[in-house]
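The values are calculated or read from the model by the stated rules, or taken from the named source; none is laboratory data. Only a predicted model underlies this, so the values are computations on that prediction, with no experimental measurement involved. Heads up, the Cβs are rebuilt from the backbone with ideal geometry, glycines too, and the neighbour counts pull from every protein chain shown. Areas reflect the complete protein model, heavy atoms only, side chains present, ligands, DNA and RNA absent. Shrake-Rupley method; radii C 1.70, N 1.55, O 1.52, S 1.80 Å.
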Amino acid sequence: MTLTDYPTFSESPFFFDRRSASIPEQEDGLPHSTPRVAYYHPKNVGNYHYGERHPMRPHRMELTNQLVLGYKLHEKMTMHAPRKATEQELLEFHDSDYVDFLKRVTPKNAQNLTKDWTKFNVGDDCPIFYDLFSFCQQYAGASLAAARKLSSDSADIAINWSGGLHHAKKGEASGFCYVNDIVLGILELLRYQPRVLYIDIDIHHGDGVQEAFYLSNRVLTVSFHKYSADFFPGTGNLSEIGSDLGKYFSLNVPLQDGIDDESYISLFKSVMEPTITTFRPSSIVLQCGADSLGCDRLGTFNLSIAAHGECVRFIKSFNLPLLVLGGGGYRQSSVARCWAYETGVCLGLNLPNDLPETNYTEFFGPDYQLHPPLTGKIQNLNTRQSLERIRMTIREKLRYLGGAPSVQMQEIPNDLMGFLASEEKDENELMEEEPETRKEGKLKNGDLLEREVNGLGNGESLGGLPLGGMRRKTSVRI
């Protein structure tokens with residue numbers, strides 16, 4: 001059997017050269033092209049604590065901020081300490097009973113509210129800790145403020161590393177996430193902009209954001225993530241493409257363990273370039289979860305900081321309003337290095353490899369470098385052929401978009417959720433949206449990927465029904 005050697009991974013103008021991975025090139029610094037960058041860091045957001053044994057450490061935001069200040073990046077952008085999101089702002093997406101629970105629950109009264117634990121999915125992954133609601137308000141408030149900054153054309157790029165908590169659902173916590181600041185930020189952007197593109201490079205599938213906009217053709221979600229039956233959240237296969245008006249507006253790039261810089265960047269660019277030119281977004285939201293870096297405590301990829309930042313650099317090159325958010329990342333020193341580096345990327349600066357002196361310098365030993373050598377690499381289970389099949393499948397799905405959807409803009413109502421309320425479906429529509437019944441957990445990981453890559457390629461399951469049906473009831477129509 002002869003395999004066609006497609007040019008995407010070897011001759012494309014988007015090819016990523018590993019030889020320049022550790023020393024990124026200086027961008028052209030023409031005065032008129034200098035981006036206006038706004039940086040949001042909620043006061044004391046790094047002081048919250050999930051628990052002694054919990055992998056999520058908000059303190060990583062403080063480490064990141066110290067590196068940003070140490071590199072003197074604050075002199076190149078506007079710095080903001082945003083206010084907390086109000087309860088009413090959280091209710092633009094989240095259910096009132098869930099927000100009320102987050103507002104009331106504390107470590108002291110948690111035992112009296114155990115009947116709500118299952119309902120709202122709190123427990124080991126999403127523990128109740130001191131000032132939980134305040135934490136949610138802070139990172140959500142920063143994402144909302146950053147979105148408003150972009151909508152008012154006061155900045156070209158807005159950064160909130162404390163945000164990006166993409167797993168939170170409309171009425172429950174999930175995957176260390178309580179309030180979905182990304183959805184709130186996108187809803188804010190949609191007040192003024194017809195189309196928003198959401199990109200997720202966290203190692204975990206951006207399920208909460210996909211779910212929220214599963215019925216919408218004004219938000220296109222694209223997630224690059226590890227996909228297997230036993231890896232959280234277990235969603236994000238190629239066949240999850242959206243439903244109703246949102247059909248073909250959800251794209252997923254399912255990957256296996258050990259993907260390296262060259263493969264990831266080549267695939268990322270060959271997917272995102274046609275996606276952006278086809279969808280023609282008014283703005284972009286980029287979730288930069290750092291658990292896709294090599295040596296992460298929970299992740300299993302082999303990405304370097306330079307490769308992760310190359311994704312940011314590429315998306316920035318389209319010169320669209322860009323909201324940059326954090327996300328996962330469970331080795332604090334790696335997360336801080338990555339996000340400080342990507343702050344420099346947003347500013348078009350080439351940061352020195354020697355880290356500046358900060359109050360937390362010892363966290364970055366023994367090398368004290370911005371780009372430390374990657375050790376303990378995991379075997380790459382992504383073959384050239386499997387990645388090319390994924391790329392071809394994604395490109396085929398883009399053909400169904402038929403260009404960017406037109407949107408009739410109108411006066412912004414006070415009640416945005418009323419504006420986004422779902423239309424009543426007739427009986428036939430409801431029959432067509434029967435929940436999909438396939439039990440993915442019964443399949444082996446290799447079988448899952450093989451069935452998705454070599455399947456129908458039209459967004460349907462083997463039974464003919466669109467996948468993702470179990471999540472539609474929490475989506476919003478826009």
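When the stretch 254-280 is examined, which residues are found to be part of a loop (DSSP other than H, G, I, E, B) and open to solvent by less than 10 Å² (accessible area, probe 1.4 Å)?
If the condition is that a residue be part of a loop (DSSP other than H, G, I, E, B) and open to solvent by less than 10 Å² (accessible area, probe 1.4 Å), then Gly258, Ile259 are the ones that fit.
Test Glu62 against the criterion of being open to solvent by 10 Å² or more (accessible area, probe 1.4 Å) and not in a loop (DSSP other than H, G, I, E, B), and give yes or no.
Numbers: open to solvent by 10 Å² or more (accessible area, probe 1.4 Å): yes; not in a loop (DSSP other than H, G, I, E, B): yes.
For Glu62, the condition - open to solvent by 10 Å² or more (accessible area, probe 1.4 Å) and not in a loop (DSSP other than H, G, I, E, B) - is met.
Please go through the stretch 354-368 and pick out each residue that is surrounded by 15 or more Cβ atoms within 10 Å (Cβ to Cβ) and not aromatic (Phe, Trp, Tyr).
Leu355, Pro356, Thr358, listed by residue number.
If I filter the stretch 111-143 down to residues being open to solvent by less than 10 Å² (accessible area, probe 1.4 Å) and in contact with an Asp or Glu (Cβ under 7 Å, 6 or more places away or on another chain), which single residue comes out as nearest to Asn47 (Cα to Cα)?
In this case the residue turns out to be Tyr139.
Given the criteria within 25 Å of Glu75 (Cα to Cα), aliphatic (A, V, I, L, M) and modelled with pLDDT of 95 or more, does Ala307 qualify?
On the way: within 25 Å of Glu75 (Cα to Cα): no; aliphatic (A, V, I, L, M): yes; modelled with pLDDT of 95 or more: yes.
Answer is no for this residue.
Yes or no, residue by residue, for (1) of a type in the set (D, E, K, R); (2) over 22 Å from the mean Cα position of the chain (by Cα):
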position: Pro42; (1), (2): no, no
position: Arg60; (1), (2): yes, no
position: Arg83; (1), (2): yes, yes
position: Leu102; (1), (2): no, yes
position: Gln111; (1), (2): no, yes
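Would you confirm whether any residue within the stretch 331-346 is farther than 25 Å from Cys136 by Cα, among the aliphatic types (A, V, I, L, M) and part of a loop (DSSP other than H, G, I, E, B)?
no
Mind checking whether some residue in the stretch 152-162 is free of Cβ contacts under 8 Å to residues at least 60 places away in the same chain and part of a helix (DSSP H, G or I)?
Checked the stretch 152-162: no residue is free of Cβ contacts under 8 Å to residues at least 60 places away in the same chain and part of a helix (DSSP H, G or I).
How many residues does the stretch 217-253 hold that are closer than 16 Å to Val285 by Cα and assigned to a loop (DSSP other than H, G, I, E, B)?
Adding up the residues that qualify gives 3.
I'm checking my understanding of the structure. Among residues of the stretch 91-109 that are aromatic (Phe, Trp, Tyr) and assigned to a helix (DSSP H, G or I), which one is surrounded by the fewest Cβ atoms within 10 Å (Cβ to Cβ)? Steps first, answer last, please.
Looking only at the stretch 91-109, we keep the residues that are aromatic (Phe, Trp, Tyr), and these are 93, 98, 101.
Adding the requirement that they be assigned to a helix (DSSP H, G or I) leaves 98, 101.
Working: Tyr98: 23, Phe101: 21.
Only one residue fits best here, namely Phe101.
Has the stretch 112-127 got at least one residue that is touching a His at 6+ places or on another chain (Cβ under 8 Å) and not β-branched (Val, Ile, Thr)?
yes
It is to be established whether one or more residues within the stretch 34-52 are acidic (Asp, Glu) and either assigned to a loop (DSSP other than H, G, I, E, B) or at pLDDT 95 or above (or both).
Step one: list which residues in the stretch 34-52 are acidic (Asp, Glu), which gives 52.
Of the ones still in play, those that are also either assigned to a loop (DSSP other than H, G, I, E, B) or at pLDDT 95 or above (or both) are 52.
Yes, the stretch 34-52 contains a residue that is acidic (Asp, Glu) and either assigned to a loop (DSSP other than H, G, I, E, B) or at pLDDT 95 or above (or both).
Suppose the filter is open to solvent by 10 Å² or more (accessible area, probe 1.4 Å) and farther than 18 Å from Ile182 by Cα; does Ser304 pass it? Even if it seems obvious, please write down each step before you answer.
On the way: open to solvent by 10 Å² or more (accessible area, probe 1.4 Å): yes; farther than 18 Å from Ile182 by Cα: yes.
Here the answer is yes, as Ser304 does meet what is asked.
Determine whether the stretch 175-191 contains at least one residue that is in contact with a Pro (Cβ under 9 Å, 6 or more places away or on another chain), under 22 Å from Cys346 (Cβ atoms) and either of a type in the set (A, V, I, L, M, F, W, C) or part of a loop (DSSP other than H, G, I, E, B) (or both).
yes
Does the stretch 75-90 contain at least one residue that is surrounded by 14 or more Cβ atoms within 10 Å (Cβ to Cβ), touching a Ser or Thr at 6+ places or on another chain (Cβ under 8 Å), at pLDDT 95 or above and more than 27 Å from Arg191 (Cβ to Cβ)?
no
Taking Ser283 as the residue in question, decide whether it is polar (S, T, N, Q), open to solvent by less than 10 Å² (accessible area, probe 1.4 Å) and in contact with a helix residue (DSSP H, G or I) (Cβ under 6 Å, 6 or more places away or on another chain). Even if it seems obvious, please write down each step before you answer.
Details: polar (S, T, N, Q): yes; open to solvent by less than 10 Å² (accessible area, probe 1.4 Å): yes; in contact with a helix residue (DSSP H, G or I) (Cβ under 6 Å, 6 or more places away or on another chain): yes.
Yes; evaluated as a whole, the condition is true for this residue.
Please verify whether Leu416 is hydrophobic (A, V, I, L, M, F, W, C), under 28 Å from Leu190 (Cα atoms), modelled with pLDDT under 95 and buried (at least 16 other Cβ atoms within 10 Å of the Cβ), treating the condition exactly as stated.
yes
Does the stretch 210-231 hold any residues that are in contact with a Gly (Cβ under 6 Å, 6 or more places away or on another chain) and open to solvent by 10 Å² or more (accessible area, probe 1.4 Å), and which are they?
Correct list: Asn217, Ala229.
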